[in-house]
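No value in this document is a laboratory result; all are computed from the given coordinates. Note that the structure is predicted; figures quoted are calculated from it, not measured. Cβ placement follows ideal geometry from the backbone for every residue including glycine, while neighbour counts extend to all protein chains displayed.
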Amino acid sequence: MSLLARRLSSWGKLGELLLFPSSCQICEALLEKPGEKVVCRYCLEKLKGTDSPFCLCCGRFFDGAGGPHLCADCLGSRPPFTRHRSAARYNGVAKDLILLYKYRGFEVLSGVLAGFLIRSLGREEDLWSGVEVVVPVPLYPAKEKSRGFNQARLLAERLAKLMNVPLMAGRLTKVRPTAAQTSLRAQERENNLKGAFQVKKTPGLEGKIVLLVDDVYTTGSTIRECVKALNKAGVKEVRAVTVAQA
Ligand SMILES: [Zn+2]
Ligand SMILES: [Zn+2]
């Protein structure tokens with residue numbers, strides 16, 4: 001790419017960040033109420049958590065009614081984290097917002113999504129209490145460069161601020177690129193990510209209770225691989241939160 005083309009594309013990106021669209025990117029209604037950015041209030045009101053029962057350990061939502069309990073997988077063998085929770089299922093407005101945030105570059109939505117996470121899960125004491133550091137799931141550096149930002153990092157930054165707990169980004173790193181998880185089956189996903197994450201050897205994480213943050217939870221293999229790397233680095237415990245679960 002020529003220098004001029006590169007400049008133009010970075011200006012384009014800048015323009016996108018500075019000038020918000022004038023209509024809701026979900027329903028196309030005009031954004032005219034104060035504070036409305038990217039998505040209208042009416043659409044945001046439809047962003048709700050789920051009442052579905054969930055696994056007390058891995059956070060997997062169950063279909064149907066009933067209370068929280070352990071899923072068959074966690075009864076068989078516990079994952080390397082103590083607890084994971086998603087705020088919503090990956091559909092409807094939650095999905096629309098995540099797609100706008102992640103792939104259309106509307107970074108401002110990190111605030112909406114982090115706020116939603118706290119509103120939905122904030123009362124679950126055993127998820128938040130004692131957390132000493134917040135860590136985002138990293139992207140491979142080249143991927144982060146092409147996307148312009150790491151969606152998990154911005155969410156983690158917002159959560160850390162809301163929780164008044166330090167953010168530790170850049171310590172857990174992704175050391176090799178991996179194939180898109182969506183194109184793979186569960187077992188392939190597991191292999192695809194093996195050894196893809198590492199923790200840089202600098203002090204600060206040992207013995208800590210860590211909250212790991214990502215945007216979407218699918219099979220959980222990304223979270224599990226990150227937790228393995230964190231556990232190897234000597235953390236005391238890892239809990240995880242995601243905005244939505246596919
Ligand atoms: Zn709307
Ligand atoms: Zn489970």
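A few remarks follow.
- Backbone phi angles across segment 82-89, fed through the Karplus curve with coefficients 6.51, -1.76 and 1.60 (θ = phi - 60°), yield HN-Hα couplings of 8, 6, 9, 9, 10, 6, 8, 7 Hz in residue order; Gly and Pro are listed as x.
- Only helical runs count toward this figure. For the chain, summing -39,500 (n - 2.57) over DSSP H runs of n ≥ 4 and dividing by all residues gives -11000 deg cm²/dmol at 222 nm.
- Relative to the Cα centre, the charge distribution of the chain, modelled as +1 at Lys and Arg Cβ and -1 at Asp and Glu Cβ, gives a dipole magnitude of about 800 debye.
- Pairs from the list K95/K194; K143/K194; K37/K143; K102/K236 with a Cα-Cα gap above 29 Å: K102/K236.
- Mean Cβ count within 10 Å, highest first, over the residues of peptides 173-180, 145-152: 145-152, 173-180
- The packing ranking, built from the mean of other Cβ atoms within 10 Å per residue, places the peptides 80-87, 25-32 in the order 80-87, 25-32, highest first.
- Amide H to amide H distances under 5 Å link L212 with V135, R239, A240, V241, where only residues 5 or more positions off or on other chains count and H is placed in the peptide plane.
- Amide H partners (placed H, <5 Å) of T218, local residues excluded: A246
- In terms of overall dimensions, the C-alpha atoms belonging to segment 183-234 reach 36, 20, 12 Å along their principal axes, ordered largest to smallest.
- Highest-fluctuation residue, A142, A229, A94 considered, GNM on the chain with Cα pairs under 10 Å: A142
- Top of D51, D215, D63 by mean-square fluctuation, Gaussian network on the chain, Cα under 10 Å: D63
- Segment 52-245 - convex hull of alpha carbons, volume per residue in Å³: 121
- Residue with peak Gaussian network fluctuation, the chain [Cα springs, cutoff 10 Å], from L109, L205, L70: L70
- Taking amide H as placed 1.01 Å from N in the peptide plane, G59 has its amide H under 5 Å from the amide H of H84, each at least 5 places away in sequence or on another chain.
- Scanning the chain for long hydrophobic helices, with DSSP H runs required to stretch 15 angstrom or more by C-alpha along their axis and to average at least 0.5 on the Kyte-Doolittle scale, returns 92-103, 109-121.
- Segment S146-T202, length gained on full extension (0.36 nm per residue, minus Cα span): 17.4 nm
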